[in-house]
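Peer 1: Okay, here's the structure, questions in a sec.
The values are calculated or read from the model by the stated rules, or taken from the named source; none is laboratory data. Keep in mind the model is a prediction, meaning the values are calculated, not measured. Cβ coordinates were reconstructed from backbone atoms using ideal geometry, including for glycine residues, and neighbour counts include every protein chain displayed. Side chains included, ligands, DNA and RNA excluded: accessible areas come from the protein's heavy atoms. Shrake-Rupley method; radii C 1.70, N 1.55, O 1.52, S 1.80 Å.
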Amino acid sequence: IKYKPELKEKARRLRAHMTDSERALWARLRRKQVQSVQFYRQKPIGNYIVDFYAPKAKIVVEVDGSQHMESEQAARDLQRDAFLASQGVGVLRFDDLQVLKEIEGVMGVLLRVVAESLEGNPP
């Protein structure tokens with residue numbers, strides 16, 4: 001999936017300054033720990049930078065802070081999710097606290113969804 005070239009530098013900055021919850025999830029996603037699927041962090045897709053992307057499974061994982069609960073940001077998230085869906089990519093959203101306090105539950109959902117996607121049943 002193509003992306004705007006000017007997003008590349010911003011993605012690099014985001015990778016260098018991940019939140020605690022993003023770091024915790026990345027420790028569980030990196031090095032093909034989930035169904036032997038490669039995840040990328042802070043990956044540009046189209047006009048957006050997604051938190052984590054698994055191209056083989058066609059899944060984006062977003063870790064949302066409290067700002068995503070605000071109506072303006074929620075509307076932007078809906079637009080972004082619609083764009084990703086139009087590209088055949090499913091989106092899983094978890095909030096910061098879920099990742100920090102319930103990482104095993106988050107990983108259980110991820111394992112199931114990635115397995116289903118690999119079997120041809122996208123999220």
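Peer 1: Loop sites only, by DSSP: take the GluC sites (Glu not before Pro) in the chain that have at most 10 other C-beta atoms within 10 Å and name the longest stretch containing none of them. Show your work: numbers first, answer last.
Peer 2: Details: sites that count: 6, 70, 119.
So the longest stretch without any such site is 7-69.
Peer 1: I'd like the Karplus ³J(HN,Hα) series for the range 115-123: coefficients 6.51, -1.76, 1.60, θ = phi - 60°, whole numbers in Hz, and an x wherever there's a Gly or Pro.
Peer 2: Karplus-based 3J(HN,Hα) across the range 115-123 equals 4, 5, 5, 5, 7, x, 10, x, x Hz.
Peer 1: Hey, another quick one. Measure off 7 Å from each Cα along the Cα-to-Cβ vector at residue 116 and residue 33, then give the distance between these two points in nanometres to one decimal.
Peer 2: 2.3
Peer 1: Work out which trypsin sites (Lys or Arg not before Pro) in the chain are exposed loop sites (DSSP not H, G, I, E or B, at most 16 other Cβ within 10 Å) and give the longest gap free of them.
Peer 2: The longest uninterrupted stretch comes out as 57-123.
Peer 1: Here's something else I'd like to know. Provide the gained length on full extension for the span residue 93 to residue 16, in nm with one decimal, where the gain is 0.36 nm per separating residue minus the Cα-Cα distance. All intermediate terms of the calculation are to be shown ahead of the outcome.
Peer 2: Details: separation 77, 0.36 × 77 = 27.72 nm, distance 2.14 nm.
Gain on extension, residue 93 to residue 16, equals 25.6 nm.
Peer 1: Would you mind getting me the FRET efficiency between residue 79 and residue 109? Use the beta-carbon distance for r and R0 = 30 Å, nearest 0.05.
Peer 2: Details: r = 24 Å, r/R0 = 0.79.
The value I calculate is 0.80.
Peer 1: Take 40, 53 and sort them by solvent-accessible surface of the protein heavy atoms, 1.4 Å probe, largest at the top. Walk me through the intermediate numbers first.
Peer 2: Details: 40 100, 53 25 Å².
Highest to lowest solvent-accessible surface, that is 40, 53.
Peer 1: Separate question: Determine the share of the chain's accessible area contributed by carbon and sulfur atoms, expressed in whole percent, with a 1.4 angstrom probe.
Peer 2: Numbers: 3570 of 7220 Å².
Carbon-and-sulfur percentage of accessible area, whole number: 49.
Peer 1: Using amide H atoms built 1.01 Å from N in the peptide plane, name the residues 5+ places from residue 50, or on other chains, whose amide H lies under 5 Å from its own.
Peer 2: Counting only residues 5 or more places away or on other chains, the set is 43, 45.
Peer 1: For the range 1-116, what percent of Cα pairs sit more than 22 Å apart? Before the final figure, lay out each step's value.
Peer 2: Numbers: 1993 of 6670 pairs.
Above the 22 Å cut-off, the range 1-116 has 30 percent of its Cα pairs.
Peer 1: A follow-up question, please. What does the helix-only formula give at 222 nm for the chain: each DSSP H stretch with n ≥ 4 adding -39500 (n - 2.57), the total divided by the residues, and the result rounded to the nearest 500 deg cm²/dmol?
Peer 2: -14500 deg cm²/dmol, from helical runs alone.
Peer 1: May I ask you to list the aspartates and glutamates whose Cα is less than 20 Å away from that of residue 43, ignoring any residue fewer than eight positions away on the same chain?
Peer 2: 6, 9, 20, 22, 51, 62, 64, 77, 81, 95, 96
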